[in-house]
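Engineer: Below is a structure I'd like to ask you about.
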Amino acid sequence: MKVGVISDTHGLLRPEAIAALEGCEQIIHAGDIGSQDIVEQLGAIAPLHIVRGNNDVDAEWATSIADHLRFDIEGWQVLLVHDIADVPALLDDSVKLVVTGHSHKPLIEWRGNTLYLNPGSAGRRRFKLPVTLALLEVSSDAMEPRLVQLLE
């Protein structure tokens, strides 16, 4: 299963991001979405798992969106939360994929049997950080993430 992972759009869904997410069977957005319009555009591509980011908390359109989610993809337990600082209080041994955003810094790191994935920011460039999202190939016995650079 192909899963798109995106974060920190901050109200900007680039055409390059839409193109990269085409063909995904699910999309995960790790917060700082920025607008209901982005939720609708992503939802038109594939079913969505989303959380609020710190910049979404006070937005009226985001009041029904959770601060963290746990769900299953192909038998893998996923924890989705915007800020990695919130992970320790929510983590247990059943979680095999932790998806975060917030820092705008892409990260793919295995910690024991758990994959930590931050797709970076797909929104406006911040400092000199790359503009990225991640694609994740998931099967019942493997997860293979890769970063996709959206801008040079």
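Engineer: Check 109, 144 and return the single one that is under 26 Å from residue 18 (Cβ atoms) and out of contact with any helix residue (DSSP H, G or I) (no Cβ under 7 Å at 6 or more places or on another chain).
Structural biologist: Details: 109 fails: under 26 Å from residue 18 (Cβ atoms).
Of the residues listed, the single one that is under 26 Å from residue 18 (Cβ atoms) and out of contact with any helix residue (DSSP H, G or I) (no Cβ under 7 Å at 6 or more places or on another chain) is 144.
Engineer: State which residue is nearest to residue 72 (Cα to Cα) when the search covers only the range 11-28 and only residues that are in contact (Cβ under 8 Å) with a residue 60 or more places away in the chain and either crowded, with 20+ Cβ neighbours inside 10 Å or among the charged types (D, E, K, R) (or both).
Structural biologist: The qualifying residue nearest to residue 72 (Cα to Cα) is 28.
Engineer: Within the set of pairs 6 or more residues apart or between chains, which connect a residue that is modelled with pLDDT under 95 inside the range 124-152 to a residue that is part of a strand (DSSP E or B) and of a type outside the set (A, V, I, L, M) with Cβ atoms less than 7 Å apart?
Structural biologist: 129/121
Engineer: Within the set of pairs 6 or more residues apart or between chains, which connect a residue that is in contact (Cβ under 8 Å) with a residue 24 or more places away in the chain inside the range 37-59 to a residue that is outside any loop (DSSP other than H, G, I, E, B) and among the small types (Gly, Ala, Ser) with Cβ atoms less than 6 Å apart?
Structural biologist: Qualifying pairs under 6 Å: 52/62; 56/62.
Residue-by-condition table, conditions (1) part of a strand (DSSP E or B); (2) of a type in the set (Lys, Arg):
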site	(1), (2)
98	yes, no
101	no, no
109	yes, no
115	yes, no
124	no, yes
134	yes, no
143	yes, no
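Engineer: Moving on to the next point. Just name the residue that is surrounded by the most Cβ atoms within 10 Å (Cβ to Cβ) out of those in the range 39-84 that are assigned to a helix (DSSP H, G or I) and over 13 Å from the mean Cα position of the chain (by Cα).
Structural biologist: Step one: list which residues in the range 39-84 are assigned to a helix (DSSP H, G or I), which gives 39-45, 60-62, 84.
Now drop any that are not over 13 Å from the mean Cα position of the chain (by Cα), which leaves 40-41, 43-45, 60-62.
Values: 40: 11, 41: 15, 43: 13, 44: 9, 45: 17, 60: 6, 61: 13, 62: 21.
Result: 62.
The values are calculated or read from the model by the stated rules, or taken from the named source; none is laboratory data. The model shown is predicted, which means the values in this text are computed figures rather than measured ones. Note: ideal-geometry Cβ built from the backbone for every residue, glycine included; neighbour counts use all protein chains shown.
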